Every structure is written in C-alpha cells, then in structure tokens.
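Enquirer: For reference, the structure I am asking about is given below.
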Amino acid sequence: MHLVFNRVADSKVNAMKLAVPTDFDILNALSNDKRNTAVNLSHELDKNRSYINTRLPVLADYGLVDRVGPAKNSGLYEITEKGHVTLAKREQYRTEGVDFDRLVANQLERANASD
C-alpha cells in the first residue's frame, strides 16, 4: 500500500503544470507540423522571446515538444504526438475532478493501440 501511495504522490508532483494560455498557444502554433524557433514563436504569438525560451524546455520535459534540427543547439522545436493530444484536450485542463495527465496518457494508449 505504501508503494502505491508514493506512486500516486509522485504522479501529482510530476503532473503537467502548463502556463495558460501561452503553452497551449505554443502547441497550437506548432500543431500544423511546422518546426519553429523561440524567436519566430515569440513574434507569431506576440510574447517576450525570453519567456518563450523558458517555456519550450518545460514543454520538452513534459514530452509535448521535441528539440530537433541539424545541430543539437539549433533551437528548433516540433510538437509531439503527446503535444497534439494535450492540445486536443485543452478544454479539460483545469477542469475540477479531471486528472489531465491520466486523460492524455489514456488517449495516447488508445491511439497507439489502434495503430
């Protein structure tokens, strides 16, 4: 029982904490399979570049975007499958009684099972 409790507690600690609406705006800007940089995204979203630069690594840590490009430090990002699902479930984020991380994980499992 103790181990189960710790896993539940750990999942809450590691739960996605998204900046609304900015993180969803970033995902939306990348959602049409475009790769983009923080500089371009900041112009497109009319947000401070340094703020976008702080959010992209957070989104990458959550598995919502991947850093891609010819060089590791190119600063080019693209949305992942998990990012697409998160964006599609945006309306459920912060809905009382909804475990958003579990909702996204279940949707990904269903999508992968049907492949």
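Enquirer: Which pairs turn up if I take residues in the range 30-57 that are part of a helix (DSSP H, G or I) and look for partners that are acidic (Asp, Glu) and at pLDDT 95 or above with beta carbon separation below 8 Å, at least 6 apart in sequence or on another chain?
Expert: The qualifying pairs are Leu30/Glu78; Leu45/Asp25; Arg55/Asp23.
Enquirer: Next up: Identify all residues within the range 103-115 that are free of Cβ contacts under 8 Å to residues at least 12 places away in the same chain and either on the phi > 0 side of the Ramachandran plot or within 16 Å of the chain's Cα centre (by Cα) (or both); write none if there are none. Steps first, please.
Expert: So the first thing to find is which residues in the range 103-115 are free of Cβ contacts under 8 Å to residues at least 12 places away in the same chain, and the list is 105-106, 109-110, 112-115.
Those that are free of Cβ contacts under 8 Å to residues at least 12 places away in the same chain and either on the phi > 0 side of the Ramachandran plot or within 16 Å of the chain's Cα centre (by Cα) (or both): Ala105, Asn106.
Enquirer: What pairs come out if I take residues in the range 60-71 that are under 19 Å from Ala19 (Cα atoms) and pair them with residues that are small (Gly, Ala, Ser) and loosely packed, with under 15 Cβ neighbours inside 10 Å whose C-beta lies under 7 Å away, six or more apart or interchain?
Expert: none
Enquirer: Residues Asp46, Asp23: which one is touching a Lys or Arg at 6+ places or on another chain (Cβ under 8 Å) and either at pLDDT 95 or above or farther than 17 Å from Arg102 by Cβ (or both)? Don't jump to the end; show me each part of the working.
Expert: On the way: Asp46 fails: touching a Lys or Arg at 6+ places or on another chain (Cβ under 8 Å).
After ruling out the rest, the residue left standing is Asp23.
Enquirer: In the range 66-115, what residues are outside any loop (DSSP other than H, G, I, E, B) and of a type in the set (A, V, I, L, M)? Write out each step before concluding.
Expert: First pass over the range 66-115, keeping only residues outside any loop (DSSP other than H, G, I, E, B): 66-68, 76-79, 81-88, 90-92, 100-114.
Listed by number, the residues that qualify are Val68, Leu76, Ile79, Val85, Leu87, Ala88, Leu103, Val104, Ala105, Leu108, Ala111, Ala113.
Enquirer: Going through the range 79-102 one residue at a time, which ones are touching a residue at least 60 places away in the same chain (Cβ under 8 Å) and either buried (at least 18 other Cβ atoms within 10 Å of the Cβ) or under 11 Å from Phe24 (Cα atoms) (or both)?
Expert: Thr86, Leu87, Arg90, Tyr93
The values are calculated or read from the model by the stated rules, or taken from the named source; none is laboratory data. Keep in mind it's a predicted model, so treat the numbers as computed, not measured. Glycine also receives a Cβ, built like all others from the backbone with ideal geometry; neighbour counts cover every protein chain displayed.
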